[in-house]
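Asker: Supplied in C-alpha cells, the structure appears directly below.
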Amino acid sequence: MHLSAFDSFLQDLRYTVRTLRRDRVFTSVAVLILALGIGANIAVFSVVNTILLRPLPFPNPEQLAWIAPPETKCGFSCETYSADAYEEFRAQNHSFQDVTGFFAFSTSDNYRLTGRGEPLPATGITIAGNFFQVLGIQPSLGRLFTVEETRKNSRPVVLLTSAFWKRRLAADPAIVGKAIDLNGQPTTVIGVLPKSFDFGAVFSPGTKVDLYVPAILDDMRNWGNILTLLGRLKPGVNMTQAQAEAQVLAPQLYFNTKYPESKGRYQLIPKSLKEHVSGKLRRSLIVLWSAVGMILLIVCVNLSNLLLARAVTRSKELAVRSALGAGRMRLMGQLLTESFVLSGTGAVVGLGLAYAITSFLAHQGSIALPLLSNVRVDGAALAWTLLVSTAVAVLFGVVPGLKMAQGNLHESLKDTGQRMSEGSKHERTRAVLVISEVSLACVLLVSAGLLLRSFLRVLDVDLGFQPAMAAALKVDYDDGDSAEKRSVIFQQVLRRIQAIPGIEAAGMVDYLPLGQNRSWGAPRVKGKTYRPGELPSPLVYVVTPGYLRAMGMRLRGRDFSWEDSPTGEKVIIFNETVARALWPGEDAVGQIAVANGKDRRVIGVIADVHQSNVEGEPGWQVYFPATQESPTGAELVVRTKLPPTSLATTLISTLRELNPNQPASEFQPIQRIVDRAVSPRRFFMLLVGFFAVLGLTLAALGVYGVISYSVTRRTQEIGIRMALGATHGRVQFDVLKHTLSLALLGIAFGTIASVAVAKGIASLLFGTQPTDAVTFAGMILLLSAVALIAGYLPARRASHIEPMIALRSN
C-alpha cells in the first residue's frame, strides 16, 4: 500500500516536471512571484528572529539584566550611576551573581595608536574589571583583566577586538604580552576577544569598538554618574525579586549621602537585557512581519488566479484522465504536487534572495538597529522556509485544485473547446480572489503611506541646527587640564582651520548633537530658591567661539569670545526652553544665573536644539565656554562652501602640522549623524514601502489577468455587440467599468481593514493621525488608477475585436 502510494507520487512528480517544463512562461512567472514572496518572508523572519526572538549571544542570556533608572530627558548622566553607587549595590544586593558596568561617555576615535606608521584612531570602551566575566565571554587569545589591573597606579593593559587585531596588528599571534602605544602610553595587550563578540551590536548599535581598558574606579569617584550597570541573576532568582530588592537598596546607597542633592532622584530598576535591547522595536518588527505576511497572501491569491486561468487549457486533459479511471483524490494529488514543486522551486530561489538581503543588512553600520550585524539565514530561517513554502503550496493550490477536480469532469470535454469557456463559476472565483488581493494591497498601501508621512514629518522637524555643508572631526590635544593652555591650543587650531579656502566657520564642542551627552546640576536664577527636584538637569556642552555658527544654530545675544578668559566674568548660553523656564515673560540675556556652583552672566539664548533624538522634546540645554570649563574632548566642526568630504585630507594635514600625533579620525558630515538618528524609522518605512509597491504590482497583475481572461471568454459576445452597432469607446467603457467595480469593492473592504490596522500602528506614527485623510485618499486614487491601467490593455484589445472573426470563431 505504501509502495503503491509512493509509486503514484513519483509518477505525479515526473508528470509535473514534464508539464511545467513545457509551459516555461507560466513556470517562470510563478517561480519569480513565489521567490519574491518567500524570499522577503525569509529575510524579514531573519531580522525578527535575530532582534526579537533569538536569545542574546551570551551564555544563559536570560539571567542578564540591564540596571537603570526610568528614562529621562537629561541624558546619560541621569541614566547612569557613580562609582560609589556601583560598588555599594554590587556588595549589598543578594539577587545577582555579580554586577558590572561600563563608562557611558566613551566617544568614537577616543584613542590614538602610534608607533606603527602614522597615528591611527581607535575606539575604546572603559569597562569594569569583571565586565566580560559577568557576560560570560572568554578571550580567544590571552586572558581577561585581573583585580590588580583595576587598581590605582596599576600598569596600563588592554583587550583587543578580533577585528582591530587583524586590521591594525596583522593578526599577530604573539601579540599577548606585547606593548602597544595608546595615547602616548605603552599599554600591554593581555588578550584578544572572540570574533563573535560585538559590543556595538548589543549596547550601542552601529558603533565599531576596537579595544577595552579597565575602569580605575578610584580615579572616577568624583566624576558623578558615569557607569551603566549590568548584572547576572543568581539561579532561581527572577526579575521581579531583583526589582523588589533594588527598590529597597536604592535609597540606602552611599551616593545619596555623599551627593545629597541627588537623594530620591535615582532609582535602580533591573530589567531583562533582552528587553532593553529589543523591547522598543517589538511593535515595529511585528508590523514589518505582518506586512511581509500580507505579501505572501497576495502571492497565494495571485498564483491561485494564474492556476485557475491555466485550468482552461487543462480541463480537457483532466477530463480525459478522469475518464481513464483517475479519481478526484488522484487528480487533487497531481495538482497539489504541481503546487509543491512550484513552491519548493520558489523557496530555493527565495533562499538565495534572502541570503543576499541579510548579508547586505548585516554590513549596514549606518542603520542604528541592535544586533543587525548578527542577522543571517540560520537553521531557524531554514525551518521557517520549509513551513512557509508548505503553507504557500497548500494555500495557492487548494482552491484551483478543488475547482478543477470537482463536478462532472466529463462535461469539460464539451466545455473546453476553442469556442467555449469554463463558465461563470470560475470567473466569479477569480473575481473574489482579485477583490481579496486589492484589499490586502490597500492595507499595505495605507500602512506604508502613514509611515512615509510620519517619516516626512520627522525630516521636517526643526533640529535647531543646519546639518547640510557641515562636518566634524575629532581633534587630539593635550592641555594638561589648564584652561589657559587649552585656550591657546584651540585658538591656534581654529585660526589655521579658518584660513583653509572654502571654510566659512569653525568651532569645537565636546559632544555633538544626536550622540552621547551628559548633564550637570540644574542652573537657577540667582537669589531664588527651588524645591528639590523642581528643576530638571540640563544637557551640558562645552564649546569654543565659532561652534554655534559652524553648526548653523540660531543665536540671540552674543557668542562666546576668546576674551571670556578663565579669570574674567563667567558667562553662559541657554537654550530657549531654559530661558523661558527661569525667566518667564522676561529677556534672559544679561541676567545672572547660578550654574555649576558659580554666578554666570547669560550672554545669549539659542533656539532649542534636538540634542538627544529627532522625535522627542529638546529639553534643557546649557553651553559653557571652553575657556572657562573643561571639555571632555574636542570635536572640530566646520561649515564649508565645498562638499565637506573633499576637505578631509587638508584638515588632517593642517592638524598634523600643529600636532604630529593627530590620528586620521573619520571626518563625518553632520547630515550623516542626523541620518543615523532617523535610520530605524527609515529602515522600517522603506521595507514596508517596498512591500506595499510589491503588493500593488501583484494586485495590478491580478486585475489584469482577470479582466484579460474575461475579455477572452466574452469574445463572441463582444463581437455580436459590435456587429449590432456598439462603438469602440462603449466596449472599452464597459470593460473598464467592470475593472473599476472589482477595484472599488476591494478598496471598500481594504479601507475598513486599514482603519483597524492604522489604529494598531498608531504608536509608531509621528505627527500623523491613524485616520489621516490624505493617506487614505491617496491610497484610493492610486489603487483606482493602477486598476484602470491594468484593465486598459484588455479593454483596448476588446474594442479592436473584429465582429466577423469573432462570430466565425464560434
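Asker: What accessible area per residue comes out for the chain, rounded to a whole number of Å², with a 1.4 Å probe?
Answerer: 44
Asker: For a quick protection proxy, order the peptides 568-575, 763-770, 122-129 by their average other-Cβ count within 10 Å, most packed first.
Answerer: Descending mean neighbour count gives 122-129, 568-575, 763-770.
Asker: Over region 554-613, what relative contact order in percent results from Cα pairs under 8 Å that are six or more residues apart?
Answerer: 45
Asker: Just how many pairs of Lys in region 161-248 have C-alpha atoms closer than 27 Å, counting pairs that are eight or more places apart or on different chains?
Answerer: 6
Asker: Please tell me which of these pairs span more than 22 angstrom C-alpha to C-alpha: 528/598; 152/271; 485/570?
Answerer: The answer is 152/271.
Asker: Sticking with this one: Determine the calculated [θ] at 222 nm for the chain from helices alone, applying -39500 (n - 2.57) to every DSSP H run no shorter than 4 residues and normalising by the residue count; nearest 500 deg cm²/dmol.
Answerer: It comes out at -16500 deg cm²/dmol, rounded to the nearest 500.
Asker: Take the alpha-carbon positions of the chain, form their convex hull, and give its projected area averaged over all directions (one quarter of the hull surface) in nm².
Answerer: Mean orientational projected area (the chain, Cα hull): 44.5 nm².
Asker: Alpha carbon centre of region 149-207 versus region 83-122: separation in Å?
Answerer: Answer, in whole Å: 13.
Asker: Report, ordered by chain and residue number, the aspartates and glutamates lying within cross-link reach of residue 526, taken as a straight Cα distance under 16 Å and ignoring same-chain residues fewer than 8 apart.
Answerer: 534, 569, 586, 587, 599
Asker: Related question: Can you tell me the 0 to 90 degree angle between the C-alpha axis of helix 83-92 and the longest principal axis of the chain, rounded to 10?
Answerer: Computed tilt is about 70 degrees.
Asker: Further question: Compute the Rg/Rh shape ratio of region 511-616: radius of gyration over Kirkwood radius, all on alpha-carbon atoms.
Answerer: Over the Cα atoms of region 511-616, Rg/Rh equals 0.94.
Asker: With θ set to phi - 60°, apply the Karplus curve 6.51 cos²θ - 1.76 cosθ + 1.60 along region 497-507 and write out the HN-Hα couplings as whole Hz, x wherever there is a Gly or Pro.
Answerer: Running phi through 6.51 cos²θ - 1.76 cosθ + 1.60 with θ = phi - 60° gives 5, 5, 7, 6, x, x, 7, 8, 7, 8, x Hz.
Asker: Per the Cauchy relation, a quarter of the hull surface: what is the mean projected area of the convex hull of the alpha carbons in region 423-549, in nm²?
Answerer: Orientation-averaged projected area of the Cα hull: 17.2 nm².
Asker: What net charge is computed for the residues neighbouring residue 660, neighbours being all others with C-beta under 14 Å from the C-beta of residue 660, Lys and Arg scored +1, Asp and Glu -1?
Answerer: Combined, the nearby Lys, Arg, Asp and Glu give -3.
Asker: Can you tell me which aspartates and glutamates have their Cα less than 16 Å from the Cα of residue 759? Leave out same-chain residues fewer than eight positions away.
Answerer: Reachable aspartates and glutamates: 772.
Asker: Count the net charge of all other residues whose Cβ sits under 15 Å from the Cβ of residue 687, scoring Lys and Arg as +1 and Asp and Glu as -1.
Answerer: So the surrounding residues net to +3.
Asker: Let me ask something additional. What is the chain's relative contact order, in percent, from Cα pairs under 8 angstrom and six or more apart in sequence?
Answerer: Dividing the mean separation by the residue count of the chain yields 17 percent.
Asker: Sorting 610, 363, 728 by accessible area (1.4 Å probe), largest first, what list results?
Answerer: Highest to lowest solvent-accessible surface, that is 363, 728, 610.
Asker: Moving on to the next point. Based on alpha-carbon centroids, what's the gap between region 523-543 and region 763-798 in Å, whole number please?
Answerer: 52
Asker: Would you mind telling me the antiparallel percentage of the DSSP bridges in the chain, rounded to 5?
Answerer: Given both bridge residues lie in the chain, the antiparallel proportion sits at roughly 75 percent.
Asker: Return one quarter of the surface area of the convex hull spanned by the alpha-carbon atoms of region 571-645, equal to its mean projected area, in nm².
Answerer: 7.2
Asker: Whenever you get a sec, compute what percent of the accessible area on the chain sits on carbon and sulfur atoms (1.4 Å probe).
Answerer: 59
Asker: For helix 2-22, report the angle its Cα long axis makes with the longest principal axis of the Cα atoms of the chain; keep it between 0 and 90° and round to the nearest 10°.
Answerer: So the helix axis and the longest Cα principal axis differ by about 90 degrees.
Asker: Given the protein chains as shown and a 1.4 Å probe, how many square angstrom of residue 78 are accessible, to the nearest 10?
Answerer: 10
The values are calculated or read from the model by the stated rules, or taken from the named source; none is laboratory data. Source: prediction; values computed, not measured. Using ideal geometry, Cβ is built from the backbone for each residue, glycine included, and neighbour counts are taken over all protein chains shown. The accessibility values were calculated without ligands, DNA or RNA, using every heavy atom of the protein model including side chains. Shrake-Rupley method; radii C 1.70, N 1.55, O 1.52, S 1.80 Å.
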